[in-house]
Amino acid sequence: MPDFAAARERMVDAQLRARGISDPGVLAAMSRVSREQFVSESFRGEAYEDHPLPIADGQTISQPYIVAVMLESLHLTKSDKVLEIGTGSGYATALLAELAAEVFSIERHPALADSARHTLAALGYANVQVLTGDGSLGLASAAPFNAILVSAAAPEIPSPLLTQLAENGRMIIPVGREDAQQLQLVHVVDGQAVVSPREPVRFVPLIVGTKN
Ligand code: SAH
């Protein structure tokens, strides 16, 4: 049985702290959440390696460093209500649940949503709701959100997500085509969405509508 706790601490030091992640809340959350619980048994031994890993349905669990960059950019507090688009394995959902008050997460693949729901419940996260559906529409019934984290790339920022951000709300989203994507950070100031470009990234596409 590999020593997952030791591997997790090495990941936090070598992949996060050494590359400039400094938010104590993000570092503590990433030291707490067991990434190995969110991947299939055959990939557990690689859970703390410096790259994305395959999950079901041809999707991926993001590289730990990119998850940390995205979380740090949101400056979450324990009173924030958060929307996540693209639950996938539920790993980032667990981290959001550690850092915020309440998390709504939308996943379009029913099997992934079921599996994430099961994992998160087994780990005791009670402030999370995983919903199946098209996250590009956001979740009007629970809006406005203090923060939105999108884990799949869209050609442009879906407008419902912009309208569902609260004043002082933050959204981090990969924008672009398959081979040329960039994280964009949106901050709502005096009712206006201010967009700042961040790191180049590579995410699976955000599928809009019902096509497969
Ligand atoms: N954060 C996840 C990464 C998941 S990969 C993790 O830590 O595991 C991106 C996910 O977005 C995939 O599971 C994919 O099915 C989902 N997705 C793609 N388009 C979507 C949409 N329109 N609405 C909701 N989920 C979507």
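The values are calculated or read from the model by the stated rules, or taken from the named source; none is laboratory data. All figures in this text were calculated on a predicted structure; none of them were measured in a lab. Here Cβ is always computed from backbone atoms with ideal geometry, including for glycine, and neighbour counts include all displayed protein chains.
Quick check: is even one residue across the range 130-146 hydroxyl-bearing (Ser, Thr, Tyr) and in a strand (DSSP E or B)? Yes.
Can you name the residue in the range 84-109 that is more than 10 Å from the ligand (Cβ to nearest atom) and not in a loop (DSSP other than H, G, I, E, B) and, of all such residues, is surrounded by the most Cβ atoms within 10 Å (Cβ to Cβ)? Spell out how you get there, then give the answer.
Just the residues of the range 84-109 that are more than 10 Å from the ligand (Cβ to nearest atom), to begin with: 97-104.
Imposing the further condition that a residue be not in a loop (DSSP other than H, G, I, E, B) reduces the set to 97-99, 102-104.
Details: Ala97: 24, Glu98: 20, Leu99: 22, Glu102: 17, Val103: 29, Phe104: 24.
Of everything passing the filter in the range 84-109, Val103 is surrounded by the most Cβ atoms within 10 Å (Cβ to Cβ).
Yes/no matrix, rows are residues, columns are (1) out of contact with any helix residue (DSSP H, G or I) (no Cβ under 7 Å at 6 or more places or on another chain); (2) assigned to a strand (DSSP E or B); (3) not hydrophobic (A, V, I, L, M, F, W, C):
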residue	(1), (2), (3)
Leu161	yes, no, no
Glu167	yes, yes, yes
Met171	no, yes, no
Val175	yes, yes, no
Gln181	yes, yes, yes
Val195	yes, yes, no
Val208	no, no, no
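Of all residues in the range 192-212, those being exposed (fewer than 11 other Cβ atoms within 10 Å of the Cβ) and at pLDDT 95 or above number 4.
Restricted to the range 110-135, and to residues there that are among the small types (Gly, Ala, Ser) and under 18 Å from Val33 (Cβ atoms), the residue that is nearest to the ligand (Cβ to nearest atom) is Ala116. Filtered by the rule that a residue be within 15 Å of the ligand (Cβ to nearest atom) and either among the polar types (S, T, N, Q) or surrounded by fewer than 18 Cβ atoms within 10 Å (Cβ to Cβ) (or both), the range 16-35 gives a lone residue, Ser34. Within the range 153-191, the set of residues being crowded, with 18+ Cβ neighbours inside 10 Å, more than 18 Å from Leu74 (Cβ to Cβ) and not small (Gly, Ala, Ser) comprises Gln181 only.
Restricting the range 51-83 to residues that are assigned to a strand (DSSP E or B) and more than 8 Å from the ligand (Cβ to nearest atom), which is surrounded by the fewest Cβ atoms within 10 Å (Cβ to Cβ)? Walk me through how you get there before you give the answer.
Start the filter on the range 51-83 by keeping residues that are assigned to a strand (DSSP E or B), which leaves 53-54, 60-61, 81-83.
Among the residues that remain, those that are also more than 8 Å from the ligand (Cβ to nearest atom) are: 53-54, 81-83.
On the way: Leu53: 20, Pro54: 13, Lys81: 18, Val82: 25, Leu83: 28.
My answer is Pro54.
Can you find even one residue in the range 25-48 that is closer than 25 Å to Glu167 by Cα and among the aliphatic types (A, V, I, L, M)? Yes.
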